[in-house]
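Below: one structure, written as structure tokens.
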Amino acid sequence: MSQSTRESDFDPSDHGWEALQQDGYEVLVGPFWTRHEMGALQVALKTRHEHRNRNGAVHGGVILSLADQGLGLAVLEATGGLKQATIQLDLHFVAATRPGQFVVCIPKVDRVTSGVAFVRGELKVGDRLVATAEGIWKYVEAKR
């Protein structure tokens, strides 16, 4: 069996992942998947043929969307569900991702203040690092 066949047959729900219920933009890119591994949030995306760029790799915008989703959900958890918005997100590409691969964002909230949260993360395919991200999220409702 080829690597691409194994990847296309991968079902995240068979490995403890739960699909997020979403609407809007996330539906176009996703579904996004979540789970907690050793108490830490992970957010993932099974990339598709439609996610490719003209070079055949997954488009950088798709990876950026996963980073935004993953880091944002980590802030949501860390603040007890406060509505928030991304005000800065830096992404560094390390390696290409191919359609069919399952990309996992492993976020970590570094600091939560009264108005913003600082968060970073790694995006991986298996053990292979494909990108790193860091950003700032601003609360759009008062902190409880």
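Identification of strands (runs of 3 or more DSSP E) wholly contained in the range 35-120 with 2 or more residues that are touching a Gly at 6+ places or on another chain (Cβ under 6 Å) and open to solvent by less than 40 Å² (accessible area, probe 1.4 Å) yields 102-112. Candidates are the residues of the range 85-144 that are of a type in the set (Ser, Thr, Tyr) and under 15 Å from the mean Cα position of the chain (by Cα); the one that is farthest from Val62 (Cα to Cα) is Thr86.
Only one entry of Val75, Val43, Val94, Val58 meets the criterion of being in contact (Cβ under 8 Å) with a residue 12 or more places away in the chain, among the aliphatic types (A, V, I, L, M) and farther than 20 Å from Glu26 by Cβ, and that entry is Val94. Might you let me know whether the range 33-40 holds any residue that is hydrophobic (A, V, I, L, M, F, W, C) and free of Cβ contacts under 8 Å to residues at least 24 places away in the same chain? The answer is yes; a qualifying residue exists. Once the range 128-144 is narrowed to residues that are at pLDDT 95 or above and either outside any strand (DSSP E or B) or not β-branched (Val, Ile, Thr) (or both), the residue that is nearest to Ala67 (Cα to Cα) is Ala133. Residues in the range 53-82 that are touching a Lys or Arg at 6+ places or on another chain (Cβ under 8 Å) and under 23 Å from His92 (Cα atoms): Gly56, Ala57, Val58, His59, Leu71, Ala74. Residues in the range 4-34 that are of a type in the set (S, T, N, Q), open to solvent by 60 Å² or more (accessible area, probe 1.4 Å) and modelled with pLDDT of 75 or more: 2 in all.
Can you confirm whether Met1 is under 25 Å from Phe118 (Cα atoms), at pLDDT below 95 and open to solvent by 70 Å² or more (accessible area, probe 1.4 Å)? Against the criterion (under 25 Å from Phe118 (Cα atoms), at pLDDT below 95 and open to solvent by 70 Å² or more (accessible area, probe 1.4 Å)), Met1 does not qualify.
The values are calculated or read from the model by the stated rules, or taken from the named source; none is laboratory data. Since the structure is predicted, the reported quantities are computational estimates derived from the model, not experimental observations. We place every Cβ from the backbone using ideal geometry, glycine too, and count neighbours over all the protein chains shown. Keep in mind that these areas ignore ligands, DNA and RNA; they rest on the heavy atoms of the full protein, side chains included. Shrake-Rupley method; radii C 1.70, N 1.55, O 1.52, S 1.80 Å.
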